[in-house]
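Any read-out appearing in this document is the output of simple, stated calculations on the displayed coordinates, not a laboratory observation. Just so we're clear, the structure is a prediction, and the values are computed from it rather than from any experiment. Cβ placement follows ideal geometry from the backbone for every residue including glycine, while neighbour counts extend to all protein chains displayed.
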Amino acid sequence: MISIRHLSKRYPGGRRPALDDVSLDIQRGSIFGLLGPNGAGKTTLLSVLAGLLRADSGEIHLADRPLGAWRGRLGDVLGFVPQALAFYPMLTVAENLRFYAGVMGLRREAAARRIATAMETVQIGEYAEVRAERLSGGLKRRLNLAIGLLNDPKLLCLDEPTVGIDPHSRHYILERIRDLRDQGMTVIYTSHYMDEVQQLCDTVAIIESGRILVQDSLAALLERYSESRLQVRLAGGGEALGEGLRRCFPEASWLPAAGELELAAGEPVEVLARVRDLAGTCGARVAGFDFGRPRLEDVYLRLSGRSWDEEDAASAERD
């Protein structure tokens, strides 16, 4: 569906490239997750793909045709939902959709049909005559998505579509994106939320400072770079237990008030036995444990050498 080769982009006055020799392959009918901290280059890549920015170098092929060959017709196949809310607050939901249908050049009957389908997809029809400024945060995100669906795209680019909304609305939008994939749409999904990408995407690329660290299927990434998680609940032991845990498991997360220990464990049964032995020497006991699934955050830590929070903070400073 999409082939990107050696794509680079530097903004005037930029201290570093926004995109640095990016190459990606995106399969038809899949959800492709582009995961990266703030300022990593996700929005720039989508903007180049959508024709909103011009790359300095590199090639993009969409459906086996160079991106330039789609000039004037890119809107026939590609929908773009930006992170910013791209509608007019003083207009109603229906008025916004009619306006954008007109911008896309849809005739009246086709526009009415596409608007009805988009509202049905995101379940926003009951708010058709409500001014957009009066919608909740979650409904505003649904309207943003509906606008991106008006041209019935084969490829949908979503830039942080759940930022700033409540968990229920977030879950709803993720479910709708799965539905679109199941109907054959190809989706590029950018996010800096690890859990979203892990539960939603078929293939994942991790981008940092404009460079792709890795691209593979989600299952392959977790198998290759991540380890199982072990969560242990401990009772008793006091400060001696905390000191022992920090000494023996320096990479672990230890919450003394809750008595909870969490760590990556390639051999979780063996590690649990070590924790139990240590607890016994400190007068503590294992009150319970769980084996958690591997996490994308562990993949990122292995590849970059820093935690996700550390990279988010570093990106904010660079920007």
- request: Compute log10 of I(q)/I(0) for the chain with the Debye formula, placing one identical point scatterer on every Cα and leaving out solvent, at q = 0.06, 0.08 Å⁻¹, to two decimals.
  value: -0.27, -0.46
- line: In degrees rounded to 10, the 0-90 angle between helix 137-149 Cα long axis and the longest Cα principal axis of the chain is 50 degrees
query: Based on DSSP H runs of at least 4 residues, each adding -39500 (n - 2.57), what is the mean residue ellipticity at 222 nm of the chain after dividing by all its residues, to the nearest 500 deg cm²/dmol?
result: -11500 deg cm²/dmol
message: Just to confirm the number: angle between the C-alpha axis of helix 93-103 and the first principal axis of the chain, 0 to 90 degrees, nearest 10?
response: 60 degrees
message: I want the local charge near Arg141. Using Cβ-Cβ distances under 15 Å, sum +1 for each Lys or Arg and -1 for each Asp or Glu among the other residues.
response: -1
field: Inter-centroid distance (Cα atoms) of segment 68-117 relative to segment 125-168, Å
entry: 12 Å
query: Roughly what would the spin-label model give for Arg15 and Arg246, points 7 Å off Cα along C-beta, in nm?
result: 3.3 nm
message: Please enumerate, by chain and number, the lysines with C-alpha under 18 Å from the C-alpha of Lys42, excluding those fewer than 8 residues away in the same chain.
response: Lys9
message: Let's test the formula: R0 of 41 Å, r as the Cβ-Cβ distance of Phe99 and Ser304. What FRET efficiency results, to the nearest 0.05?
response: 0.45
query: Mind checking which of Leu174, Leu263, Leu218 has the largest fluctuation in a GNM of the chain, springs on alpha carbons under 10 Å?
result: Leu263
- prompt: For Asp166 and Ala110, what is the calculated FRET efficiency with R₀ set at 25 Å and r taken between the beta-carbons, to the nearest 0.05?
  reply: 0.15
- request: Could you state the angle between the C-alpha long axis of helix 308-318 and the longest principal axis of the C-alpha atoms of the chain, as a value from 0 to 90 degrees rounded to the nearest 10?
  value: 50 degrees
field: Estimated inter-spin distance, Arg134 and Leu272, nm [label 7 Å along Cα→Cβ]
entry: 5.6 nm
- request: Evaluate the distance, in nm, between pseudo-label points positioned 7 Å from the Cα of His61 and of Ala84 along their respective Cα→Cβ axes.
  value: 3.4 nm
